[in-house]
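Please treat every number below as a calculation from the coordinates, not as lab data. Keep in mind that this is a model prediction, so the values were computed, not measured. Here the Cβ is made from the backbone with ideal geometry for all residues, glycine too, and neighbour counts use every protein chain on show.
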Amino acid sequence: WRKQKRSPYWVLVPAQLATIALGLFLTWPWHSEMVYDTPYAWLAALPFIGTAMFIFRHLRPQFTNQQMVGRNELAPDRFEQRLVTTGPHGRVRHPIYLAHFLMLCAWTVGSGLLVCYAMLGFALVAGTIMITLEERELERRFGDQWR
């Protein structure tokens with residue numbers, strides 16, 4: 001994608017939307033299946049929501065919009081390559097993934113939907129793979145500074 005002249009977002013955004021649509025289609029028969037059904041579950045979800053919102057709010061001063069959408073990775077010659085080590089990035093290597101995961105945990109715990117539990121399992125597996133691949137790329141890009 002780095003060698004392409006046009007923006008990779010013309011492929012990535014529709015691919016993301018197609019993946020979401022496919023996931024909705026494949027899981028539709030189970031959208032009403034509940035593991036439990038109580039409004040009190042949302043009380044247990046509140047700490048997950050609060051922590052995720054805290055992380056997202058504190059990312060903004062150190063992490064630019066270009067970094068948030070991955071432009072630095074897709075066009076390193078046009079966007080600054082800067083390793084962020086302050087704010088949430090000073091405590092956790094991948095705070096965006098953590099915040100997304102915490103929000104998914106909140107929806108899973110709060111809703112009690114079986115499909116959310118399946119998505120949570122999928123997120124654990126996919127997240128582990130994504131983080132492993134990103135660790136390799138960041139080590140190649142930033143070397144000792146990353147290590």
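Give Gln81, Gln62 a once-over and let me know the one that is assigned to a loop (DSSP other than H, G, I, E, B) and surrounded by 15 or more Cβ atoms within 10 Å (Cβ to Cβ).
Going through Gln81, Gln62 in turn, just one is assigned to a loop (DSSP other than H, G, I, E, B) and surrounded by 15 or more Cβ atoms within 10 Å (Cβ to Cβ): Gln62.
In this structure, is Trp42 touching a residue at least 60 places away in the same chain (Cβ under 8 Å) and hydrophobic (A, V, I, L, M, F, W, C)?
Taking the combined requirement at face value, the residue satisfies it.
Out of all the residues in the range 36-53, which are surrounded by 13 or more Cβ atoms within 10 Å (Cβ to Cβ) and not polar (S, T, N, Q)?
Within the range 36-53, Ala41, Trp42, Ala44, Ala45, Pro47, Phe48, Ile49, Ala52, Met53 qualify.
Considering each of Gly50, Gly121, Gly143 in turn, give the residue that is closer than 30 Å to Phe25 by Cβ and either out of contact with any Gly (no Cβ under 7 Å at 6 or more places or on another chain) or in a loop (DSSP other than H, G, I, E, B) (or both).
The match here is Gly121.
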